[in-house]
Protein chains: 2
Amino acid sequence: MAESSRPWELHLELELIKQIRRKALALAPCHSLTRPPKGIGDDCAVVIPNPGNDLLITTDTICEGIHFRLSYFSPLFLGRKLASVNLSDIAAMGGQPRWALLNMEVPPDLDKADSSFWQVFFKGLCQRLCQFGAILIGGDTVSAPSDRLSLSLSLIGEIKTGMACYRSGAKPGDLIYCSGYTGEAACGLTLLENPELMRFIPGPVRKRLCLKHLDPLPRISLGTALSKVGVNSLIDTSDGIASDLAHIAEESGLRAIVFQDILPVSRAVRAFCRAYCMKKGDFLQNLPLEYVLFGGEDFELIWTISPKLAKIAEQVATEVLGIKPFLLGRMEKGKGCYLDTGLKRIDISFKGYEH
Amino acid sequence: MAESSRPWELHLELELIKQIRRKALALAPCHSLTRPPKGIGDDCAVVIPNPGNDLLITTDTICEGIHFRLSYFSPLFLGRKLASVNLSDIAAMGGQPRWALLNMEVPPDLDKADSSFWQVFFKGLCQRLCQFGAILIGGDTVSAPSDRLSLSLSLIGEIKTGMACYRSGAKPGDLIYCSGYTGEAACGLTLLENPELMRFIPGPVRKRLCLKHLDPLPRISLGTALSKVGVNSLIDTSDGIASDLAHIAEESGLRAIVFQDILPVSRAVRAFCRAYCMKKGDFLQNLPLEYVLFGGEDFELIWTISPKLAKIAEQVATEVLGIKPFLLGRMEKGKGCYLDTGLKRIDISFKGYEH
């Protein structure tokens, strides 16, 4: 119990703290936003917040076998994705990421502790954090109670006082926009989980979809730009449009309507669905729509905004993204998230996909 | 994989977020230190830091089967201990705890999710946080990759800019003090892990030792008081005197000397060791000393201070604690942590106990 696990734990923790400290400090000069933290390896890390800011605080856990498999996740992409998932939460408030803490449950597999696995993982994690102005300042390591790796990242960001964008601010009549295609990451996950599908999909499509799952980029610049424009509500597409819009609807006490005929379906999603149906020998007409509505982890941003400001936000988003954002629908009085097919309205609140 | 685990995960997460929000907000008015946070259940929690403060950031993970067993940890004590372990890290910098995030890996045992287990756990967690001026503002829940519960708490504190007390500040000639008896929590753990020993120990001693392990209190008031007095270094006794002083020695580039003849051994530790030896039929002369030096998790504070200021710190500590703190030894040039027995000096750096 505590006695027997401690020596190994202590050893790994000390070694990892030294690694983290080296990596974190080596990367520190690449951004001037955050003054270097003190106290890494101490009881707490100590950082100096910028005056006139509120703090944004978020955390996410990913477990081997539930959220990722090491069979298709390289340690570099694993580090990057852990960072991106959390960075995206800061983006979804309109904030600037600053300081991160890592909790690791490491399975009793000493290869992983000794090998280059952790070197490469920390490289991915620290570089991705640094790319968006954040820095790893500490953490905790324990030996896992199972044979699976589990990682939690907590991230603190800053935003000018009063400028945070909540899920709860949507107004009736608001237009709903999305920063990019959805469903691609979920197609990528299906491919990675079912490699026998790979040969039915053209190479560039395969690569695009898999990378969308393995290596998503958080929309930090877009989030800060939108918070300045004055969007009414903001969220990232982590659980899929249907769930994420249901959150906005619930928190704002409104109904979100998505119009099927304007829903953006990317060419890659179409190509994937064609190949999937061909392989299964079954024509699933609604498959692209299901991926687009219910597929998670694209980490795009969804915002609602008054029609008066919508065009300005569209221009700002186009400048940041390089492409025009997509109009999805409208907020109305009522509750839930509905798909308007032109013929009827279907309740899709918090629905996930099942194949 | 992701698909199959999501519905349950999502359900649990939404339900727990609602529970957390209710509990956290219900407890919010009991302290006026922190303005109520916004954004619980949003992508991030949003809090307003106090101007003129640095942030202290820490995190700790505890796993069932490694750090605790549910056979002797009630959910109330589990919640309290998770809070205390993290609060103690803030105490060890001299700071004031403010905002906490909880990451949970919940085993696929729906009883736990439905029953009063979580109600009571959150009561313990939120009350203990609140007792020391902190508030739970968010977190993440995933289904565990094993059948064991795993909990991480991340805690953010504040301290007046420049006032944080590090492990690295010890000076040669500094006196080393400790706020209370050590070894008691480790005796308690031995008892809880070996219930057959219980009947050899008087009831009040048993209770004291077990509670020291199950329900330790962080030394927040003492930490803030000591930071104002101007201690040179500060740490909490989480890994045992030998390891914790070795940290101060390493980070300060010095040697820590502990004098055996002044080491405080509590009556409870003596009574436990007598009973332990009687049960084993073996006289282990060094057993109390081993518990005092190598037993962890007492969460007392150890500080080093110049001899000139030592008396003032002693008075301040006595006022806060109600008892005099214990003098343990002295910092010298050199490295490592040594026990001075009067006859020789023994290197005890980072040593843990093994029975």
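Of note:
- Counting only alpha carbon atoms, the long axis of helix B:117-131 and the longest principal axis of chain B meet at about 60°.
- Number of partner chain Cβ atoms within 10 Å, mean per residue of B:88-100: 2
- Remark: for residue pairs B:K81/B:K324; B:K228/B:K308; A:K81/A:K228, the C-alpha separation exceeds 18 Å in B:K81/B:K324; A:K81/A:K228.
- Across the identical copies, the label point of A:K344 (7 Å from Cα in the Cβ direction) is separated from its matches by 8.7 nm, in order from shortest.
- Point-charge dipole on Cβ atoms (K/R +1, D/E -1) for region A:167-347, about Cα centre, debye to 20: 460 debye
- Inter-copy separations for A:F200, label at 7 Å along Cα-Cβ, nm, ascending: 6.8
- Length-normalised contact order for region A:240-351 - Cα pairs under 8 Å, 6+ apart - percent: 51 percent
- Rounded to the nearest 10 degrees, the angle from helix A:307-321 to the longest Cα principal axis of chain A is 50 degrees.
- Structural descriptor for chain B: relative contact order 21 percent, calculated from alpha carbon pairs under 8 angstrom and at least 6 residues apart.
- In sequence order, region B:218-231 has phi-based couplings of x, 9, 4, 4, 4, x, 5, 5, 5, 5, 6, 5, x, 6 Hz under the Karplus curve 6.51 cos²θ - 1.76 cosθ + 1.60, θ = phi - 60°, and Gly or Pro positions carry x.
- 10 Å binning of all Cα-Cα separations within chain B, expressed as whole percents from 0 upward: 5, 24, 30, 24, 13, 3, 0
- Per DSSP, loop trypsin sites (Lys or Arg not before Pro) in region B:309-355 with at most 16 further Cβ within 10 Å: B:K333, B:K335, B:K344
- Taking all pairs of distinct alpha-carbon atoms in the protein assembly as shown, Kirkwood radius in angstrom: 26.7 Å
- Once the mean of 1/r is taken over each pair of separate Cα atoms and inverted, region B:182-312 shows a Kirkwood hydrodynamic radius of 15.9 Å.
- Computed label-point distance, nm, for sites A:K279 and A:K324 using a 7 Å Cα→Cβ extension: 3.4 nm
- C-alpha long axis of helix B:184-193 to longest principal axis of chain B, angle in °: 60 degrees
- Label points for A:G65 are taken 7 Å from Cα along Cα→Cβ. From this copy to the others they lie 0.9 nm apart, shortest first.
- With Cα atoms defining each centre, region A:259-288 and region A:67-130 are spaced 32 Å apart in the structure.
- Unit charges on C-beta of K, R, D, E only; dipole of the protein assembly as shown, Debye: 1240 debye
- Charge-dipole axis of region B:167-347 as Lys and Arg at +1 and Asp and Glu at -1 on Cβ define it, positive-most pick from B:P202, B:G296, B:A170: B:P202
- Overall dimensions of region A:280-328 as given by Cα atoms, namely Rg and Dmax in Å: 15.2, 48
- Positive dipole terminus of region A:61-176, leading residue within A:V106, A:A91, A:L129 (C-beta point charges): A:A91
- Paramagnetic reach from A:N50 (point 7 Å along Cα→Cβ, amide N under 14 Å) across region A:136-180: A:157-164
- Close amide-amide hydrogen proximity is noted between A:S233 and A:T304, each under 5 Å apart and 5 or more residues distant or on a separate chain (H modeled in the peptide plane; Pro and chain starts excluded).
- Taking the fewest neighbouring Cβ atoms within 10 Å as the starting point, the ordered list for B:M331, B:M278 is B:M278, B:M331.
None of the figures in this text is laboratory data; all of them are computed from the coordinates on show. Keep in mind that what you see is a predicted model, and the values were worked out from it rather than measured. Ideal geometry is used to build each Cβ from the backbone, glycine not excepted, and the neighbour counts take in all protein chains shown.
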